[in-house]
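The values are calculated or read from the model by the stated rules, or taken from the named source; none is laboratory data. Quick caveat, the model's predicted, so the values are computed rather than measured. FYI the Cβ positions are ideal-geometry reconstructions off the backbone, even for glycines, and counts take in every protein chain you see.
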Amino acid sequence: MTLNIIIIFSIIIIIQISKGADIHVLDSQTRLLEDSSMPKFAETIPNITVSVGKDALLSCVVENLNNYKVAWVRVATQTILSIHHNVITQNPRVSLTYNDHRSWYLHIREVEEDDRGWYMCQINTDPMRSRKGYLQIVVPPVIIENMTSNDMVVREGSNVTLVCKARGYPEPYVMWRREDGEEMAVGGEDVNVVDGEILHITKVSRLHMAPYLCVASNGVPPSISKRVHLRVQFPPMLSIPNQLEGAYIGQDVILECHTEAYPASINYWTTERGDMIISDVSRAGDKYETSSTTIGYSKYMKLQIRNVVSADFGSYRCVAKNSLGETDGIIKLDEIPMPTSTEGNNISNIDLSTNLIRSDHKPTIVRKPKVFTTSGGESIYKKHFCIAVYISYIIVIVCYNILFSSRNEIELIAHVSHQMINKL
């Protein structure tokens, strides 16, 4: 009896388990059918990068949307931007477009840095389905003017620090270089570029005087630069290529003087008596003509003296003055004999310090051989030449007669030769 009861209960349990299994299978099949008809995302939402001020477009592609709705949400602030066909946010730069209830596009015009972050596309299923995409906003570099050095004037020998600050996203890389591309003497080394926001120059000299460029870049075009002009003040310095010049009467001569100064110096020439030389280029043939050429902080002075006369020989002084000091130099002009030349009129200046003749055409100097004369006026050069000829002739005769003549004949020839030499 007990055994029958156990068998009956076992059969009932098996029947119930079988029914439960059938129900579970039916539920699974039902869920599969439901899942195939539920909305799903056809694509991921791509991350995009946009420069500040440009327009951004985020896309969300959904299949089988049916009667469900799509919404866009700003993740960082949990702000609902749009629900289905309606824009919810009050931001006028945000708009929505869609295509056949499959593609949903979120537009953001003229993006700002604050727009950077995650954006979510949601479907109002239960549970909710969503995808996220990141909007990256990049910012080209900008120089921060109130934190960056401007044009600077310093005294020679002082220390100088130039600073350049820039901002952007990503953080900009900043470097310094000279505008002319020349190397910079920094920290005991000559370099073309100094990395970083700070350029420090110890004991600045006039060689550092130049425009410098602070260049900032971060891979987002365009790069930007600022020009900072460094000016170095120093008193005048003067050099004279030739302190002693020579000229002959009637010649045109040019005196030269080189100066360096900043601020720019006032330059002029004076005579030996201290009179300032003033030239008038408007008058052709003026006695004096002064000119100068300026290159950076260097000035090349020239004084041309036309048709030199005796009164022009003497000392001339070139003078350079600025607010930091004064200097001068003296050039002496001496008289020299007029050279013998096939092109004497082309000689413009004779440099006694280097023994060079500077001219438009190189003259050919004609030098006669040195000739000495006896007290009677006869040329010693000619006499020596004749003696040499006669001696050669006698030697030939003597050799011949030694071989073919007698002793008496040889003595006679020697006596005659001696007499001929005495006559010469």
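Taking the conditions (1) in a strand (DSSP E or B); (2) over 24 Å from GLN233 (Cα atoms); (3) not hydrophobic (A, V, I, L, M, F, W, C) in turn, GLU171 satisfies each one other than (1). Is it the case that region 315-322 has a residue that's in contact with a helix residue (DSSP H, G or I) (Cβ under 8 Å, 6 or more places away or on another chain) and either at pLDDT 95 or above or hydrophobic (A, V, I, L, M, F, W, C) (or both)? No, every residue in region 315-322 fails to be in contact with a helix residue (DSSP H, G or I) (Cβ under 8 Å, 6 or more places away or on another chain) and either at pLDDT 95 or above or hydrophobic (A, V, I, L, M, F, W, C) (or both).
Among the residues of region 183-209, the ones that are in contact (Cβ under 8 Å) with a residue 40 or more places away in the chain and surrounded by 15 or more Cβ atoms within 10 Å (Cβ to Cβ) come to 5 in all. Do the conditions hold for LEU162, that is, is it outside any strand (DSSP E or B), under 30 Å from PHE234 (Cα atoms), in contact with a strand residue (DSSP E or B) (Cβ under 8 Å, 6 or more places away or on another chain) and of a type in the set (A, V, I, L, M)? No. Considering region 131-149, and only residues there that are touching a Pro at 6+ places or on another chain (Cβ under 8 Å) and not aliphatic (A, V, I, L, M), the residue that is nearest to GLY196 (Cα to Cα) turns out to be PRO141.
Right, TYR212: surrounded by 17 or more Cβ atoms within 10 Å (Cβ to Cβ), outside the structural domain of GLU335 (by TED's automatic domain parsing), of a type in the set (Ser, Thr, Tyr) and within 17 Å of VAL154 (Cβ to Cβ) or not? Criteria met by TYR212. Of the residues making up region 130-151, those that are in contact with an Asp or Glu (Cβ under 7 Å, 6 or more places away or on another chain) and over 26 Å from TYR68 (Cβ atoms) are ILE137, VAL139.
Scanning region 105-129 for residues that are free of Cβ contacts under 8 Å to residues at least 12 places away in the same chain and closer than 30 Å to ASN66 by Cα, we see that the one that is surrounded by the fewest Cβ atoms within 10 Å (Cβ to Cβ) is PRO127. Residue by residue through region 72-86, note down the ones that are out of contact with any Phe, Trp or Tyr (no Cβ under 9 Å at 6 or more places or on another chain) and either not in a loop (DSSP other than H, G, I, E, B) or not assigned by TED's automatic domain parsing to the domain that holds ASP126 (or both). The answer is THR79, ASN86. Taking the condition in a strand (DSSP E or B), surrounded by 14 or more Cβ atoms within 10 Å (Cβ to Cβ), at pLDDT below 95 and not assigned by TED's automatic domain parsing to the domain that holds ALA210, does GLU260 pass? Criteria not met by GLU260. Among all residues of region 135-145, there is at least one that is outside any strand (DSSP E or B) and over 22 Å from VAL61 (Cα atoms).
Surrounded by 13 or more Cβ atoms within 10 Å (Cβ to Cβ), basic (Lys, Arg), over 21 Å from the mean Cα position of the chain (by Cα) and at pLDDT 95 or above - does that describe any residue in region 159-168? The answer is yes, given that some residue of region 159-168 is surrounded by 13 or more Cβ atoms within 10 Å (Cβ to Cβ), basic (Lys, Arg), over 21 Å from the mean Cα position of the chain (by Cα) and at pLDDT 95 or above.
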